[in-house]
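Q: Structure incoming, see below.
The values are calculated or read from the model by the stated rules, or taken from the named source; none is laboratory data. Keep in mind it's a predicted model, so treat the numbers as computed, not measured. Here the Cβ is made from the backbone with ideal geometry for all residues, glycine too, and neighbour counts use every protein chain on show.
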């Protein structure tokens, strides 16, 4: 018993340190901040340090954590990387602790922990989604207290409100399912299955509630079914998904089938494990086939959580033989994942071209345009504001600005093409920023768009009106800053 206890406690720091080192090696491949959202957070924290208020006030736990780390490190980007890798370590610690609490099989606990420790998906997730990762840590650690300490469980549940909405909802699913264990077969499970069945039948029989009705909700739903893991692999392709990462996703899909089978057997035997059922419900929610898919969609965000939660369900498996078989499968699987656990995140492929954006930001500042607001696409806007202190956003402003101080970075069109439609302009009003990008005063850009519309240049217009050339007014739900 003493040897087992020694092994158990010694693995806590070991798992934490290895996870931190793996993700640190991956995230430090670039000198820039990692991921598409990083500079948005850094702009807020930098503004808080230098101006005493956030650029866009928002309640989330990311900001106080980044603020605290930067107090000690005094480098915004390094603080962001350190915070990210530390939370990857805390996630693995939570997974390991869950195994010790839920499974008396130490080998199985170590196997699942190793599998997620070397997870290529966890590395990518750490690089891209700090806020989501913090939410995942709160979720996993709240599960460690679901039976032992209700106060700590509820506290972590509340903290997750300020972590991430998705992980908070998933935490609620686990909590509600667990504390309604005796009523599950009579209430929650039949209602859930009936709703899914109704939508499925309605897809083929018009006139009743169906998936088609869901498409009314702001484009979040679709009648074109898809399976998120396959869609993800197709969207990212061979170039962006290393072999170990692909293996991980396929293996997790097999775990879903195993969970469905196990829950079905438990229902038949009337020995339903409420937490395992909660895992199955969460898996189904994360893989809903009727959610619209793109890289900013709910479906994509749901899928990103799927490979991190699914393996934890293995802890609920009973029976020494099947636990041994799973351990035998998981240990070599972990070795396969280990070959891709660092390079599953490749900054030059997965991140925006921050080096190019930083260079163009300096060009814009040196042009001396006296810019108040720069309209520029997502990721460029954030690093522009971070490096220059000038407001940049990927929307049209909903308030009036002097035309001489409202500018835009446009992509996919040259100076000569614009002047062909609106006439030759002074160099002070439009200039090239290199291949594909130009700096232009916003009123001239709008005049150019009007000319395209009047000349029926629909194809050209459709090529320009994309996320890379913002053309929509900032929506109401984002109007939380101090601009009037």
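Q: Residue 365 fails exactly one of the following numbered conditions: (1) more than 21 Å from residue 133 (Cβ to Cβ); (2) assigned by TED's automatic domain parsing to the domain that holds residue 281. What is the number of that condition?
A: (2)
Q: Go through region 88-109 and give me each residue that's within 23 Å of residue 163 (Cα to Cα) and either at pLDDT below 95 or within 24 Å of the chain's Cα centre (by Cα) (or both). It would help to see each step written out before you state the result.
A: Step one: filter region 88-109 for residues within 23 Å of residue 163 (Cα to Cα), giving 88-98.
Of everything in region 88-109, those that are within 23 Å of residue 163 (Cα to Cα) and either at pLDDT below 95 or within 24 Å of the chain's Cα centre (by Cα) (or both) turn out to be 88, 89, 90, 91, 92, 93, 94, 95, 96, 98.
Q: Here is a further query. Since residue 320 meets every condition but one in (1) under 30 Å from residue 396 (Cβ atoms); (2) in the same structural domain as residue 166 (by TED's automatic domain parsing); (3) in contact (Cβ under 8 Å) with a residue 40 or more places away in the chain, which condition does it not meet?
A: (1)
Q: Please tell me if residue 178 is at pLDDT 95 or above and either assigned to a helix (DSSP H, G or I) or closer than 17 Å to residue 304 by Cα (or both).
A: Values: at pLDDT 95 or above: no; either assigned to a helix (DSSP H, G or I) or closer than 17 Å to residue 304 by Cα (or both): yes.
So residue 178 fails the test.
Q: Consider region 139-162. How many of its residues are closer than 15 Å to residue 282 by Cβ and in a loop (DSSP other than H, G, I, E, B)?
A: 1
Q: Specify which of the listed residues (137, 112) is in contact (Cβ under 8 Å) with a residue 60 or more places away in the chain and either more than 19 Å from the chain's Cα centre (by Cα) or within 26 Å of residue 155 (Cβ to Cβ) (or both). Break it down into steps so the answer makes sense when it comes.
A: Details: 137 fails: in contact (Cβ under 8 Å) with a residue 60 or more places away in the chain.
Step by step, each of 137, 112 is checked, and only 112 is in contact (Cβ under 8 Å) with a residue 60 or more places away in the chain and either more than 19 Å from the chain's Cα centre (by Cα) or within 26 Å of residue 155 (Cβ to Cβ) (or both).
Q: Of all residues in region 12-35, which are surrounded by 18 or more Cβ atoms within 10 Å (Cβ to Cβ) and out of contact with any helix residue (DSSP H, G or I) (no Cβ under 6 Å at 6 or more places or on another chain)?
A: Within region 12-35, 22 is the sole residue that qualifies.
Q: Return only the number of the condition from (1) within 22 Å of residue 44 (Cβ to Cβ); (2) touching a residue at least 40 places away in the same chain (Cβ under 8 Å) that residue 403 does not satisfy.
A: Unmet condition: (1).
Q: Right, another one. So in region 468-480, with the set limited to residues that are assigned to a loop (DSSP other than H, G, I, E, B) and loosely packed, with under 15 Cβ neighbours inside 10 Å, which one is modelled with the highest pLDDT? Before the answer, list the steps.
A: If we filter region 468-480 for residues that are assigned to a loop (DSSP other than H, G, I, E, B), which is where we start, we get 468-472, 474-475, 479-480.
Filter once more, so that each one left must be loosely packed, with under 15 Cβ neighbours inside 10 Å: 472, 475, 479-480.
Values: 472: 90, 475: 73, 479: 58, 480: 46.
The residue in question is 472.
Q: In region 416-433, which residues are over 23 Å from residue 455 (Cα atoms) and outside any loop (DSSP other than H, G, I, E, B)?
A: 431, 432 - these are the residues of region 416-433 that are over 23 Å from residue 455 (Cα atoms) and outside any loop (DSSP other than H, G, I, E, B).
Q: Oh, and also: Please enumerate the residues belonging to region 236-256 that are crowded, with 16+ Cβ neighbours inside 10 Å, free of Cβ contacts under 8 Å to residues at least 60 places away in the same chain and within 14 Å of residue 311 (Cα to Cα).
A: Of everything in region 236-256, those that are crowded, with 16+ Cβ neighbours inside 10 Å, free of Cβ contacts under 8 Å to residues at least 60 places away in the same chain and within 14 Å of residue 311 (Cα to Cα) turn out to be 252, 253, 255, 256.
Q: Would you be able to say whether some residue in region 12-31 is part of a loop (DSSP other than H, G, I, E, B) and free of Cβ contacts under 8 Å to residues at least 24 places away in the same chain?
A: No, region 12-31 contains no residue that is part of a loop (DSSP other than H, G, I, E, B) and free of Cβ contacts under 8 Å to residues at least 24 places away in the same chain.
Q: Restricting region 51-68 to residues that are touching a residue at least 60 places away in the same chain (Cβ under 8 Å) and assigned to a helix (DSSP H, G or I), which is nearest to the chain's Cα centre (by Cα)?
A: Among those residues, the one meeting the criterion is 62.
Q: Output yes when any residue across region 110-122 is crowded, with 24+ Cβ neighbours inside 10 Å and not in a helix (DSSP H, G or I), and no when none is.
A: yes
Q: Something else about it: When region 335-366 is examined, which residues are found to be buried (at least 20 other Cβ atoms within 10 Å of the Cβ) and closer than 21 Å to residue 23 by Cβ?
A: Within region 335-366, 337, 340, 341, 342, 344, 345, 347, 351, 354 qualify.
Q: Regarding residue 208, is this residue at pLDDT below 90, assigned by TED's automatic domain parsing to the domain that holds residue 336 and outside any helix (DSSP H, G or I)?
A: On the way: at pLDDT below 90: yes; assigned by TED's automatic domain parsing to the domain that holds residue 336: yes; outside any helix (DSSP H, G or I): yes.
It is true that residue 208 is at pLDDT below 90, assigned by TED's automatic domain parsing to the domain that holds residue 336 and outside any helix (DSSP H, G or I).
Q: I've got another one for you. Do the conditions hold for residue 48, that is, is it assigned by TED's automatic domain parsing to the domain that holds residue 127, modelled with pLDDT under 95 and in a helix (DSSP H, G or I)? Walk me through how you get there before you give the answer.
A: Numbers: assigned by TED's automatic domain parsing to the domain that holds residue 127: yes; modelled with pLDDT under 95: yes; in a helix (DSSP H, G or I): yes.
It is true that residue 48 is assigned by TED's automatic domain parsing to the domain that holds residue 127, modelled with pLDDT under 95 and in a helix (DSSP H, G or I).
Q: Within region 301-413, considering only strands (runs of 3 or more DSSP E) that don't extend past its boundaries, which have at least 1 residues that are more than 15 Å from residue 440 (Cα to Cα)?
A: Working: elements: 373-375, 391-393, 406-411.
Once the strands (runs of 3 or more DSSP E) in region 301-413 are filtered for at least 1 residues that are more than 15 Å from residue 440 (Cα to Cα), what remains is 391-393.
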